[in-house]
1. Using only atoms on other chains, find how many Cβ atoms lie within 10 Å of each Cβ of peptide A:316-328 and report the average.
2. Using Cα pairs under 8 angstrom and six or more residues apart, how large is the relative contact order of chain A, in percent?
3. Percent antiparallel among DSSP beta bridges with both residues in the protein assembly as shown, to the nearest 5?
4. Give me the angle, in degrees from 0 to 90, between the Cα long axis of helix A:90-105 and the longest principal axis of the Cα atoms of chain A, rounded to the nearest 10.
5. I'd like the mean, over residues of B:94-103, of how many other protein chain beta carbons sit within 10 Å of each residue's own Cβ.
6. Would you mind pulling out the separation of the Cα centroids of the stretch A:218-264 and the stretch A:166-198, in Å?
7. Of the DSSP beta bridges with both residues in chain B, give the percent that are antiparallel, rounding to the nearest 5.
8. Hey, what angle do you get for helix A:70-82 against the long axis of chain A, alpha-carbon based, 0 to 90 degrees rounded to 10?
């Protein structure tokens, strides 16, 4: 009898109306619930980006296909790339960081819970604003890299939605990065020194540093693009003394660290998962931490390897290609340390 | 492999691989069958780095497979706790130093090739061509030769040719994979690259920087002919006088008049001219492709004249001239198709 009674209590206490749950999520500042919003938001945009990829693939299935027009195809590739990078991959990783990092370092929540919720809603609304363009005269069509002057000359409002949507979503990401940094610096539990942190917490820390230094370059680039498109400025207008290559530099100074913003948290995950399921401590913990830092540092030194054909000359091209190859060294350290972690002595 | 079934399987597998590799590109459009200096240098780097990285990849995969198989949790050992190790200095030094050596092995040749391919110190001693990228066509101005062509770039085989490139609108990228690497065509500065074709042939060129709706249709051809044929081509092109070139047939003569009445000349030059608003139409009858992409037939030319938008979306010709009826378009096409300045054609390059 007593068992049924408890059951009743739990079931009544858990049964909340849909509206209540929704209101709870809309107003929450709890890091785990915000993680859920990031996960579902990211998952939604992941599906959307996947549909766009499907359309691209159908168009490319046979030569001379007319499934979509040239203009719509360009909108598809632009929105697919932008959605997958900014609105799917990054939010899903932010979800994981939000959910796990405070627990890993023994904190009750992140340092600025309200900022955290502001960040997630900026991401959601930035993403929605970007996608509303489909219904308001056409999506952006200048590629996810939006190279000037193709992006400044693109007719219609598409690229304007790209500029505003990414500016808003990017501001949210920047807030999250700062929030995680402050949390890890100030809110580690007693005894949780830096060199005792789990590797995923380390990866979150280093990724947040990347966000802090990489996103401002994108912000500036987007502002310049906005001034050019909406207010008649000429930063990228060659005829008026502007320079189009500046956009590529600004974009890739953000864009290459972005690659590591996406991969370093996964590296952190690998480290924690391999160690846990091998029932061993991580092999070479210290070198793993420093390898992660080195990858992040070198990640800022290689942006121009996206620009080898721009005509920067052999000196710049060589420096950037050698720096790019050098990233193989810390990455190799990580891979061999993982293999050694899984290497048990039987 | 057992009996004939095994052999059949092997043959099937082999032919499938061959098919797969054939899909990597048509000849004269693939970087994997280099036919020029730049492509050959790049191919050497591709092979070197593939061997180095492929070996590392295979070794890592083997170790991973071994680890996963050998040290997996076995029945009856669920409580087994492996020995806890913190690290191993010697091992860690080894797998730091070996990658450093491998990176040096790749970095040195990469550096040498980068500097070699960017070296333009002997540009003055060679043929220089000014390349202009436009949405969505290419213009070639042979510097100091009074020759302009569009879409088809004739070069002598076995000689260094310097290309000085600039764009009139957005960023494009000049790429003839079988002969050389890419170079961006920027609106603000002249980028220089040299190409050298080893064999005669018609090489396919592509725009390699996303430039708008017809980016994928912004093709051109590099036609490498023998030195003698090239010299003859130059002489023919220089001696061509559009005033003296009377159309053979009456239809073509009418086409010429229509061409002039409809003000086509405002954008399209015939004969040597600095006018490059639209493609230069000298020697149009010998073009390898129409607009870089379509079969070069009269029917296609008519189609283009009447509705260029359907063949190349976003092109700048659409709407710039009065509407032409079937009859007028056919006459203009007839006129254009007989515009031949020389008998050195893409066929001379011996496909």
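Read the figures in this text as sums done on the coordinates, not as results from a lab. Just so you know, these numbers come straight off a predicted model, no measurement behind them. As a convention, Cβ positions derive from the backbone with ideal geometry for all residues, glycine included, and neighbour counts pool all protein chains shown.
1. Whole-number average of other-chain Cβ neighbours for A:316-328 is 4.
2. 14
3. Roughly 70 percent of the beta bridges in the protein assembly as shown run antiparallel, per DSSP.
4. With rounding to tens, the tilt is 30 degrees.
5. That average works out to 5.
6. 27
7. Around 70 percent of the beta bridges assigned by DSSP in chain B are antiparallel ones.
8. That helix lies at roughly 40 degrees to the long axis.
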